[in-house]
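Only one structure is covered here, and it is reproduced in the block below.
The values are calculated or read from the model by the stated rules, or taken from the named source; none is laboratory data. Keep in mind that what you see is a predicted model, and the values were worked out from it rather than measured. Heads up, the Cβs are rebuilt from the backbone with ideal geometry, glycines too, and the neighbour counts pull from every protein chain shown. To get the accessible areas, we keep the full protein, side chains included, count just its heavy atoms, and leave off ligands, DNA and RNA. Shrake-Rupley method; radii C 1.70, N 1.55, O 1.52, S 1.80 Å.
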Amino acid sequence: MLLKVTRIFHYGLLTWSTTVTPPIHHLLTFLLLTVIAAKYLIKRPRAVYLVDYACFGPSSNLRSNPATWQETLRSVVDDDTMSFITKISRRSGLGNETCLPSSIHYIPPIHSLHLAPKTRVEPNKIDILIVNCSVTTTIPSMADMIINRYKLRSDVRNMQLSGMGCSAGLIAVGLARNLLQTIPYGSCALVVSTEILTGNFYLGKKRGMQLTNMLFRMGGAAVLLSTSSANARFELMHLVRKSTSAQDSAYHCVYQEEDDEGNMGANLSKDLVATAGEALRANITTIAPLVLPVSELLSFFLSSIAQKVFIIKKNASTKPYVPNFSLAVEHFCVHAGGRAVIDAVQRSLNLSDEQVEPSRMTLHRFGNTSSSSLWYEMAYCEAKQLMRKRDRVWMISFGSGYKCNSAVWKCILPALSPDSAWANCIHRYPVDVPK
């Protein structure tokens with residue numbers, strides 16, 4: 001564009017010179033506009049696209065149905081704890097096909113990384129590699145393992161995120177986006193989101209720490225991002241991160257610690273759902289103006305004024321206006337952290353059962369796969385052929401700290417076939433999940 005404008009200006013000067021001498025302020029104005037245009041083009045962030053993604057489908061011999069899993073636990077817990085586990089397991093929302101690492105199928109469970117799952121990634125054209133795994137940190141890092149296993153280039157920019165909880169997947173996507181916008185156009189970033197359960201299986205009796213054993217299952221996803229739209233399937237429209245770690249209650253609601261007997265595990269606070277709601281509201285405050293139509297923003301604004309100015313005494317029937325996010329996005333991928341989390345988000349956003357179906361079915365089939373769960377949910381939408389060109393997808397993730405991160409994607413090209421993780425079972429879904 002700048003070259004074309006320059007040629008036009010030069011032609012104008014030649015034409016003008018045959019008639020009158022151009023005033024100096026015309027030349028200065030043109031130079032100023034050229035500098036401003038060049039500065040804007042250089043500093044404007046590049047669009048980032050999702051080229052493709054793949055979810056890990058565990059082998060069927062790693063399935064852990066409730067009866068087999070409870071039999072494994074009987075060797076390490078007492079009868080009272082076993083009764084609690086059985087009761088919660090019935091209400092967890094997990095099905096009979098979720099998977100656990102092979103080491104946890106032993107009686108008693110074995111803590112060995114040699115039996116942990118491995119992830120396959122394509123090495124071609126990878127300029128950036130980001131791996132996120134919260135509770136396991138190895139030396140060398142998992143990023144280094146991938147580079148060594150697949151012989152990636154020596155100049156690949158690699159890093160690993162740990163301790164960021166189930167929201168780490170979108171944090172990694174945001175980091176990849178920022179890096180892609182600083183390196184040559186068309187570069188590719190590979191994000192690998194996983195969790196290693198092998199060495200973090202809780203063997204104690206504390207109920208708040210037993211919940212992680214019941215909810216978390218093995219899984220992982222690989223996501224390829226690029227600044228080139230060639231072959232891209234989604235465009236990243238918005239990414240918003242919110243942290244409530246400054247609040248002590250939020251900071252401690254998911255906390256790795258030892259119990260009174262010295263057993264290490266992650267303790268889930270009873271205030272977890274309420275804390276997640278506060279983090280979600282903080283995230284919505286930022287992302288709503290970016291995605292909602294003007295009519296919904298105006299209704300929300302007037303409702304807020306009515307509550308703060310005109311209503312002196314609030315009563316039980318007075319509720320804040322909840323924007324209709326269905327006018328802004330077509331698909332919702334709520335982190336499958338557990339039934340209680342999905343229920344809370346559904347109530348907060350006034351979502352229908354169909355809109356949270358991807359989250360519930362992912363929880364039922366794969367369990368809580370931590371940071372990769374959002375990709376299983378998007379893959380569910382595509383496997384059910386619900387995704388259409390130009391559809392928007394809102395991913396909402398939660399993680400320790402406490403954090404709520406969200407991303408909005410715009411579909412460019414729906415998948416032509418189901419992701420391998422859903423391919424052999426999608427025909428059975430959706431299923432009825434007992435309440």
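Within the shell defined by Cβ-Cβ distances under 15 Å, the residues around residue 245 carry a net charge of 0, with Lys and Arg each +1 and Asp and Glu each -1. Rg and Dmax over the alpha-carbon atoms of region 152-274 stand at 18.3, 56 Å.
Our estimate of slack between residue 286 and residue 29, defined as 0.36 nm per intervening residue step minus the Cα-Cα distance, is 88.7 nm. For region 269-390, the equivalent ellipsoid derived from the Cα gyration tensor has semi-axes of 29, 19, 11 Å, listed largest first.
Equivalent ellipsoid of region 231-314: semi-axes from √(5λ) of the C-alpha gyration tensor, largest first, are 35, 24, 8 Å.
Other residues within the sphere of radius under 14 Å centred on the Cβ of residue 209, judged by their own Cβ, net out at -1 (K and R +1, D and E -1).
Note on residue 305 and residue 87: the model spin-label points, each 7 Å out from Cα along the C-beta direction, lie 5.1 nm apart.
With the simple spin-label model, which puts each label point 7 Å out from Cα in the Cβ direction, the residue 260 to residue 61 separation comes to 4.2 nm. Accessible-area rank, largest first, for 215, 180, 28, 386: 28, 386, 215, 180, with all protein chains present and a 1.4 angstrom probe. This model, with +1 at the C-beta of Lys and Arg and -1 at the C-beta of Asp and Glu, gives region 152-261 a dipole about its Cα centre of some 480 debye.
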